[in-house]
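J.: Provided herewith is a single structure, encoded as structure tokens, for subsequent inquiry.
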Amino acid sequence: VGFHLAKHPDCEIKQLPPGKLNAPQILRCRKVLSYAAGKLNLADEMTRGRPGGGAGEDAADQLELVCNDRIVPPEANLMTVRKFYARNSDEMVLHYRWRTQLPSTSMPSTSAPSTPTYSSGTPLPREGHYGRS
């Protein structure tokens, strides 16, 4: 799969050299982010001054890919991006930018789980309340 990798126009981040990249269609976007972070030396900038730092994967966790103004999940592969995100499959352009929301904050809170209900609104019986002792 051929694609272009460029910085997002609204983001203050270094630009990769222009050019078309080729990768297998099963390559995950997470690897594309790792490639961008490595080429931009973001791991060095992020771990500078951190004791015990140095994991190259940390920088890729701070980036996200955008295709046609839609955030691409890191677990998606390039074939999925081409099929569902790219308007023109001939010239797929992926933009990288700083992550707007960290993964830990995008997850729903598990502190107060909601009570599951039937479609009528009646709560489902909870586990352990079936008359067993």
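Please treat every number below as a calculation from the coordinates, not as lab data. Every value quoted in this text rests on a predicted model; they were computed, and no experiment measured them. Neighbour counts are summed over all protein chains in view; Cβ atoms, including those assigned to glycine, are modelled from backbone coordinates with ideal geometry.
J.: Ranked highest first by average number of other Cβ atoms within 10 Å, how do 4-16, 70-82 line up? Each step should come with its number before you reach the end.
T.: Numbers: 4-16: 13.4, 70-82: 17.0.
By packing density, highest mean first, the sequence is 70-82, 4-16.
J.: Full-extension gain between residue 88 and residue 16, please, as 0.36 nm times their residue separation minus the C-alpha to C-alpha distance. Don't jump to the answer; show the numbers that get you there.
T.: Working: separation 72, 0.36 × 72 = 25.92 nm, distance 2.20 nm.
Stretched out fully, the residue 88 to residue 16 stretch lengthens by 23.7 nm.
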